[in-house]
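Heads up, the thing below is written out as structure tokens.
The values are calculated or read from the model by the stated rules, or taken from the named source; none is laboratory data. Worth saying up front: this structure is predicted, and the values here are computed from it rather than measured. Because the Cβ atoms are built from the backbone with ideal geometry, glycine has one as well, and the counts that use them run over all protein chains shown. Accessible surface areas use protein heavy atoms only, side chains included; no ligands, DNA or RNA. Shrake-Rupley method; radii C 1.70, N 1.55, O 1.52, S 1.80 Å.
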Amino acid sequence: MPERFIAVRNKSDAPKRYGLVASPISPDTDANGLPAYECLYKVSKKIASPKGSVVFKISDPMVAVCGIAEEGLKPGARLDASDWASIEAATAGSLGSRVSMRVAPGHAPTFDLSATTKNVEGVGRWIMKAEPGFDLGGSTDVEEEPPFIGYGLADANDPNDIVPLVIWEAQPGAVYVVRCESRWTVYCLTDDKVGDHYILAMNGGAMLQSPQIDFRNKTATYVEVVHQSENVFDITDFD
């Protein structure tokens, strides 16, 4: 998929900060009932009204990510991936990737690339597995700093910066069936401290949101979101 752009124009009654989130999560994603945490992919500075704007650039491809939640799995916490792995989603003519996460005692989680296979059926799907019986070896408190697993994207302006998008707590032996969809939502942020990589705070951290921006069936690669007033957002596609 080519690079995509989402421009946000602030025509509301006050300066605003905006954040871009890969949301909503596909209903075909199955994480054994574990709660999902959505992270901010890109965050703007405060945008002036009524003529200020920001353009978010979205890169490809999606990758599997894992790491340690050093600030815990909670709204407003920052997540940095300790490792990532390339994946391929299943298509009508090919199988999807199955990647395996491991944790060596005293080390952050990594993906075992030697264990990667392609045997996942179901268009758009791929699978992550947290290897059973791992132990963080006393390097961290699992309750306070749990390991996480999920998917993310490289920062469009810095390919070395992998930003988690959707993550779950990594539990030994758990299997995560994933289907990534190119759907995005712009949030109007009220917490000036959060930025890229931060878990979205739905209550208080992000109050207003645009309708979903769905690139799955679009020929357009540039979408304009105009924040007109309060919770009124207009969306226009441009080829």
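Assorted remarks:
- Hey, G93 at pLDDT 95 or above and open to solvent by 40 Å² or more (accessible area, probe 1.4 Å) or not: yes
- Residue count, region 155-206 (criterion: surrounded by 17 or more Cβ atoms within 10 Å (Cβ to Cβ), among the β-branched types (V, I, T) and not in a strand (DSSP E or B)): 1
- In the set (1) of a type in the set (S, T, Y); (2) open to solvent by less than 60 Å² (accessible area, probe 1.4 Å); (3) free of Cβ contacts under 8 Å to residues at least 60 places away in the same chain, the condition left unmet by S23 is number (3).
- Hits in region 24-55 (condition: closer than 25 Å to W168 by Cα and part of a strand (DSSP E or B)): D30, Y37, E38, C39, L40, Y41, K42, V43
- Scanning region 56-71 for residues that are open to solvent by 10 Å² or more (accessible area, probe 1.4 Å) and assigned to a loop (DSSP other than H, G, I, E, B) yields S59, D60, P61, M62, E70, E71.
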